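Below: one structure, written as structure tokens.
The values are calculated or read from the model by the stated rules, or taken from the named source; none is laboratory data. Please read these numbers as outputs of a predicted model, since none were measured by experiment. Ideal geometry is used to build each Cβ from the backbone, glycine not excepted, and the neighbour counts take in all protein chains shown. Note: accessible area is taken over every heavy atom of the protein model, side chains too, but ligands, DNA and RNA are not part of it. Shrake-Rupley method; radii C 1.70, N 1.55, O 1.52, S 1.80 Å.
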Amino acid sequence: MDPDSVQDVYDYELRPREIRLVRLLPSSQWTDPIHCTLSCHFLDGPLPEYTALSYAWGRANVTDEIFLNGKPWPITVNLANALYFLRDPTKILLFWIDALCINQSNPRERAAQVRLMREIYSICDTVAVYLGDGIHHRPQKGIARRPDVARITFSNDPRDLVHIDAFWDALSAGRPLKSLFHMFCLLRILSSADLFPILITKLDGGKNDALDQILEALRMMLTSTWWQRIWVVQEMVVARSAVIQYGPFSVPWDMLVAAVPHASLLGSATSSDGAKVLAYFVRHVENFENLRKQWRSEGGAPLLSLLQHFSARQATDERDKIFALLGLVRENQRGFVEPSYVDDVPRVYRNLAVALLHRTNDVSLWRGDMARKKRRDLPSWVPDWSAVFDESDRRRAQVTCHDVSNGWEFITVRSMTAYWNRVYFGMRKLSTWFQSRETTGDLLPAQLVVAFEQYGREIASFEAAWLIIEKVLKKLEAIYQSWLARLDGSVEHITWQQLNHLRDAHVSGAVYWHFEQRVEWSLAGYYHPILELLDLILSPGHGTTEDESSLFKELYFRHRNKLQFLLRKAFRVCEQYLSLASLYAKQCSPKILEIQTLCHTLKEYCGGPEEDSGDRWVQALFWCSVAVYGEVDERQEFTTLTARPDEVPIWNLPGQVPSLPPPHRRIKLDDEIFSDPAERNNGSGPPVLSIEIMHIGRVKLVGQRLMAWSDQGSAFDTLTLWIHTSRQLPTLDREWIDHRGHVRRDISRRDRQETPMESVHEWSLRTARTLVGDMVMVSVESDAQATQATDQVAPRRLKRSDTARLLRWFERILDLCKSERREAAKVGDFLENDEMKPFDQALVLVTEGRVAFWAGDHIWRFGLGPGSMAVDDVVAIMPGGRNHMIVRPQPSVVVSEFVRAFGDEKFAVVGDCYFDASGKAVIEDHVAAPESPWPGWLPQEMLQYVPGIEKIMEGRPWKRRVLLV
């Protein structure tokens with residue numbers, strides 16, 4: 001679009017809470033071109049009644065022309081067709097239409113209007129849903145050249161009886177019933193309890209073939225692209241009322257909703273193809289209507305649930321897979337992320353992942369198969385919201401009855417300010433509790449005395465290091481400022497001795513605190529180039545002879561601009577980091593001093609028994625971890641960890657030498673100074689998340705994937721293979737596993753060494769628990785522990801009282817796995833037995849789309865995980881995780897030196913799994929983790945200073961900090 005034309009139509013950028021409305025001018029002639037004008041209104045001011053249009057844009061490169069404010073204006077063909085059908089012959093109609101009311105070429109206005117769309121669609125008089133012209137599956141140009149057709153309106157009241165009478169006549173006469181008119185008459189009949197019995201009577205008269213003809217027209221309506229678009233979800237859910245416009249027909253949405261119950265009943269009176277169409281209609285309408293009811297009753301849904309539920313819907317802009325759902329988020333999650341069309345897709349997806357981790361403090365966004373991605377420019381820990389989330393994974397993501405992290409929490413920080421505030425808050429809470437108690441019971445373990453002392457010394461050293469960094473910065477800043485002033489003069493004013501003095505001062509300022517060894521920062525990227533350039537210019541010697549003097553001046557003149565550039569950049573870096581040092585002194589130093597005081601205070605409350613044989617106190621005191629998010633911001637010159645402008649970026653944790661961020665790369669003397677900024681970012685590595693995990697075991701064997709239970713024969717084949725492998729596993733040795741992690745077929749049972757095996761009872765119980773994910777489906781009304789209802793049933797954890805019934809169920813499954821019984825499973829044995837159905841349902845929920853795997857060190861345990869997992873993956877527990885997670889070692893991934901300080905091991909997130917790591921062959925009633933006798937918490941970084949911590953944690957999963965890449 002020509003910028004001048006855009007300026008003519010959109011003469012200014014909309015102000016806060018201001019919108020435009022489209023005035024669709026009338027015309028008595030169908031073939032007349034569309035004319036519209038724009039007017040501006042404030043949402044908080046007097047607002048005329050208007051209709052908001054919900055439609056699918058269609059292909060952006062195929063356009064039709066209308067007149068907007070008197071100017072020719074291209075719009076998509078689908079929108080042009082909608083305007084022709086919506087235009088009134090006699091009166092002006094007022095619409096809000098995103099393609100016309102928003103200046104699409106202005107990303108700021110676009111983002112601001114997206115934030116208002118929930119309100120725009122919720123306060124409008126009605127929402128007009130345009131499904132298409134009723135003839136073509138794809139929008140066709142030239143609709144104005146078609147003959148005009150009469151508009152027909154259904155009202156879902158007695159006014160529709162004239163249409164119903166015409167339908168009865170056609171049905172009785174045996175005339176073809178293929179038109180849209182007959183299709184909408186059928187839906188009107190289905191919406192009425194009085195008319196539906198009459199329809200059934202007439203269909204029994206032998207007119208079933210007529211019904212199939214009508215349902216073909218319904219199928220065509222349901223294939224409209226509108227049903228697949230992401231934006232229409234919000235537009236329909238928040239609407240007070242809606243009207244369907246399909247070709248010349250106008251139908252209230254409430255009529256479709258009222259038709260759903262009878263449409264389900266009608267399925268039994270038609271062919272199988274017709275029944276599928278009616279089921280498709282019911283599913284489409286119910287999905288929208290259930291969301292509308294949830295919106296009215298609860299005011300929204302969790303953001304993650306919305307993203308997973310509507311992942312299959314399409315958007316022209318992949319960022320809209322997120323932005324289109326923000327208006328439907330429940331109130332306590334609003335503001336997680338703001339629409340921004342300035343950021344690219346990977347950055348938008350990363351920002352949302354960080355926001356979910358930070359605001360929810362759990363890792364639920366990593367449930368499912370994280371390898372199912374369309375994009376290859378995302379870290380493993382960032383879900384690809386543009387990809388379709390598997391339906392079986394979505395159902396499992398709603399299960400909340402597990403909690404393997406056992407109260408272990410984490411907080412995501414992006415600044416030192418947030419980190420020190422978190423440490424202070426936990427220790428202060430603990431100190432206040434002790435000081436308010438009259439007795440001295442529940443003292444902290446005696447081992448913590450040394451830990452408090454050492455941690456206090458470490459953070460004191462941390463604080464002192466920042467003061468030294470500030471001195472180095474000030475010294476170098478003064479040097480660079482002085483010499484920049486001199487270099488602005490003529491060449492005659494610079495002597496060899498003066499430039500050599502600059503070199504000496506530059507070196508002495510840097511060495512003031514072991515510059516190269518201790519302070520790796522952005523300034524180091526300029527230190528070496530400046531030194532090398534000075535050495536080159538000074539290379540002729542002292543300049544005592546005429547030749548030396550001449551060559552010195554020639555070199556100086558040739559490289560003066562580059563030297564000035566480097567000094568000026570170094571000076572600016574000093575200024576930037578001095579301001580950060582000042583901010584650090586203001587925000588972090590006071591908190592560190594208070595934490596040092598708290599270390600001395602809490603040391604006085606240590607004296608409890610030294611629990612060398614248990615880690616209960618470790619779990620009770622060190623239950624909160626810090627996850628550090630870091631990325632390289634390509635729009636900035638230097639590597640930073642993203643932080644708010646008014647906070648100090650986090651570059652270190654206690655126990656590490658404080659430093660400032662290193663450069664993207666070290667500038668070399670022969671580099672072009674004004675190089676491509678993208679090149680400067682080479683080697684910085686991907687955005688990372690530093691997090692603590694517990695290593696549970698390494699995956700030794702991966703079985704076949706169970707694709708879907710819709711094919712029960714194939715599903716039982718896979719289940720049989722899992723069970724057979726699990727039964728043999730105690731006798732397997734590594735030499736019988738091939739390079740893919742599969743059991744070699746050429747090894748016979750008698751060739752295997754006999755090793756002690758579990759009893760049949762123990763093996764049966766372990767295997768059965770894994771196959772149902774340690775849970776059973778129950779009626780929601782009958783069990784208060786059930787969570788996340790689906791069709792009146794929901795999963796709950798197994799209890800000891802379920803043991804006998806679970807073993808009987810597993811014996812039945814073993815029987816169904818026999819080849820002669822698989823046909824019986826297909827025809828009704830499975831999912832039909834009332835006593836066993838709760839376990840059958842749990843089996844389907846847990847296993848569909850999963851692979852079986854066996855992991856461990858000495859004893860291999862059975863688990864079910866994502867389809868993309870492989871041998872040598874690691875089973876881990878993460879803070880805030882309800883299920884075990886699968887992560888994959890990534891030793892070849894390159895990260896920057898700066899990021900490496902937050903963890904040496906690098907892993908990719910594969911997804912969640914069910915894994916029986918308990919080692920117990922009994923079902924125990926789930927008991928919540930006992931509450932800590934001490935409120936508050938201590939920083940994880942202190943744990944390394946506890947004497948004998950290795951012995952205390954021996955044989956138990958050990959927390960270690962790793963990088964997720």
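When we screen Ser726, Ser764, Ser748 for residues that are over 30 Å from Glu391 (Cβ atoms), open to solvent by less than 50 Å² (accessible area, probe 1.4 Å) and either touching a helix residue (DSSP H, G or I) at 6+ places or on another chain (Cβ under 7 Å) or at pLDDT 80 or above (or both), the only hit is Ser764. Please work out which residue is modelled with the lowest pLDDT, limiting yourself to region 929-965 and to residues that are β-branched (Val, Ile, Thr) and either under 22 Å from Pro889 (Cβ atoms) or part of a helix (DSSP H, G or I) (or both). Of everything passing the filter in region 929-965, Ile952 is modelled with the lowest pLDDT. Checked against the criterion of being hydroxyl-bearing (Ser, Thr, Tyr), over 17 Å from Leu533 (Cα atoms), modelled with pLDDT of 70 or more and open to solvent by less than 70 Å² (accessible area, probe 1.4 Å), region 483-502 contains not a single residue that satisfies it. Assess whether Arg20 counts as being without any contact (Cβ under 8 Å) to a residue 40 or more places away in the chain and of a type in the set (Lys, Arg). It is false that Arg20 is without any contact (Cβ under 8 Å) to a residue 40 or more places away in the chain and of a type in the set (Lys, Arg). Among the numbered criteria (1) of a type outside the set (D, E, K, R); (2) closer than 26 Å to Ile952 by Cβ; (3) surrounded by 16 or more Cβ atoms within 10 Å (Cβ to Cβ), which one does Val450 miss? Evaluating Val450 over (1) of a type outside the set (D, E, K, R); (2) closer than 26 Å to Ile952 by Cβ; (3) surrounded by 16 or more Cβ atoms within 10 Å (Cβ to Cβ) leaves (3) as the failure. Figure legend. Inter-residue proximity from region 143-158: first residues in contact (Cβ under 8 Å) with a residue 60 or more places away in the chain and open to solvent by less than 90 Å² (accessible area, probe 1.4 Å), second residues among the small types (Gly, Ala, Ser) and not in a loop (DSSP other than H, G, I, E, B), beta-carbon distance below 6 Å, spacing 6+ or different chains. Indicated pairs: Thr153/Ser250. Residues in region 348-376 that are open to solvent by less than 30 Å² (accessible area, probe 1.4 Å) and more than 13 Å from Asp912 (Cα to Cα): Val348, Tyr349, Arg350, Leu352, Ala353, Val354, Ala355, Leu356, Leu357. Regarding region 881-891, can at least one residue be identified that is modelled with pLDDT of 90 or more and polar (S, T, N, Q)? Looking for residues that are modelled with pLDDT of 90 or more and polar (S, T, N, Q), one finds at least one in region 881-891, hence yes. Is it the case that some residue within region 430-438 is assigned to a strand (DSSP E or B) and small (Gly, Ala, Ser)? No: region 430-438 contains no residue that is assigned to a strand (DSSP E or B) and small (Gly, Ala, Ser). With respect to (1) in contact with a helix residue (DSSP H, G or I) (Cβ under 8 Å, 6 or more places away or on another chain); (2) open to solvent by 10 Å² or more (accessible area, probe 1.4 Å); (3) under 22 Å from Trp57 (Cα atoms); (4) of a type outside the set (A, V, I, L, M), the lone exception for His182 is condition (3).
Would you confirm, using the coordinates I've provided, whether Trp295 is open to solvent by 10 Å² or more (accessible area, probe 1.4 Å) and either in contact (Cβ under 8 Å) with a residue 40 or more places away in the chain or assigned to a strand (DSSP E or B) (or both)?
Yes.
Of all residues in region 397-430, those satisfying the criterion of being crowded, with 21+ Cβ neighbours inside 10 Å and within 29 Å of Ala708 (Cβ to Cβ) are Ala397, Val399.
Here the strands (runs of 3 or more DSSP E) wholly within region 6-100 that include at least 1 residues being more than 26 Å from Ile123 (Cα to Cα) are 63-68, 71-76. Could you say whether any residue in region 111-133 is farther than 17 Å from Trp253 by Cβ, in a loop (DSSP other than H, G, I, E, B) and over 34 Å from the mean Cα position of the chain (by Cα)? Taking every residue of region 111-133 in turn, at least one turns out to be farther than 17 Å from Trp253 by Cβ, in a loop (DSSP other than H, G, I, E, B) and over 34 Å from the mean Cα position of the chain (by Cα). If you check Pro383, Pro379 for being open to solvent by less than 20 Å² (accessible area, probe 1.4 Å), out of contact with any Pro (no Cβ under 9 Å at 6 or more places or on another chain), touching a residue at least 12 places away in the same chain (Cβ under 8 Å) and in a loop (DSSP other than H, G, I, E, B), only one passes: Pro383.
Exactly one residue out of Asp344, Asp390, Asp403 is without any contact (Cβ under 8 Å) to a residue 60 or more places away in the chain and among the charged types (D, E, K, R), and it is Asp344. Checking each residue in region 371-389 for being aliphatic (A, V, I, L, M) and under 10 Å from the mean Cα position of the chain (by Cα) picks out only Val382. So, of the residues in region 87-106 that are surrounded by fewer than 19 Cβ atoms within 10 Å (Cβ to Cβ) and of a type in the set (A, V, I, L, M, F, W, C), which turns out to be farthest from Leu14 (Cα to Cα)? It comes out as Ile92.
Rundown of residues vs (1) modelled with pLDDT under 75; (2) among the basic types (Lys, Arg), yes/no style:
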| position | (1), (2) |
| --- | --- |
| Ser690 | no, no |
| Ile693 | no, no |
| Val699 | no, no |
| Leu719 | no, no |
| Asp733 | yes, no |
| Arg752 | yes, yes |
| Arg769 | no, yes |
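I'd like the full set of residues that are of a type in the set (Asp, Glu) and open to solvent by 50 Å² or more (accessible area, probe 1.4 Å), limited to region 107-142.
Hits for region 107-142 are Glu119, Asp125.
Here's the yes/no breakdown for (1) modelled with pLDDT of 95 or more; (2) among the aromatic types (Phe, Trp, Tyr); (3) under 40 Å from the mean Cα position of the chain (by Cα):
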residue	(1), (2), (3)
Val22	yes, no, yes
Ser27	no, no, no
Trp30	no, yes, no
Pro33	no, no, no
Glu49	yes, no, yes
Ala52	yes, no, yes
Arg59	no, no, yes
Lys71	no, no, no
Val77	no, no, yes
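For region 841-867, residues that are assigned to a helix (DSSP H, G or I) and not small (Gly, Ala, Ser) total 6.
Can you tell me which residue in region 94-146 is farthest from Pro26 (Cα to Cα), limited to those that are of a type in the set (A, V, I, L, M, F, W, C) and in contact with a Gly (Cβ under 8 Å, 6 or more places away or on another chain)? Only one residue tops the list, namely Met117. Considered as a group, the residues in region 605-625 that are part of a strand (DSSP E or B) and over 30 Å from the mean Cα position of the chain (by Cα) include one that is modelled with the lowest pLDDT, and that residue is Gly608. Could you check, for region 800-811, whether at least one of its residues is open to solvent by 20 Å² or more (accessible area, probe 1.4 Å), at pLDDT below 90 and under 17 Å from Leu843 (Cα atoms)? There is no residue in region 800-811 that is open to solvent by 20 Å² or more (accessible area, probe 1.4 Å), at pLDDT below 90 and under 17 Å from Leu843 (Cα atoms).
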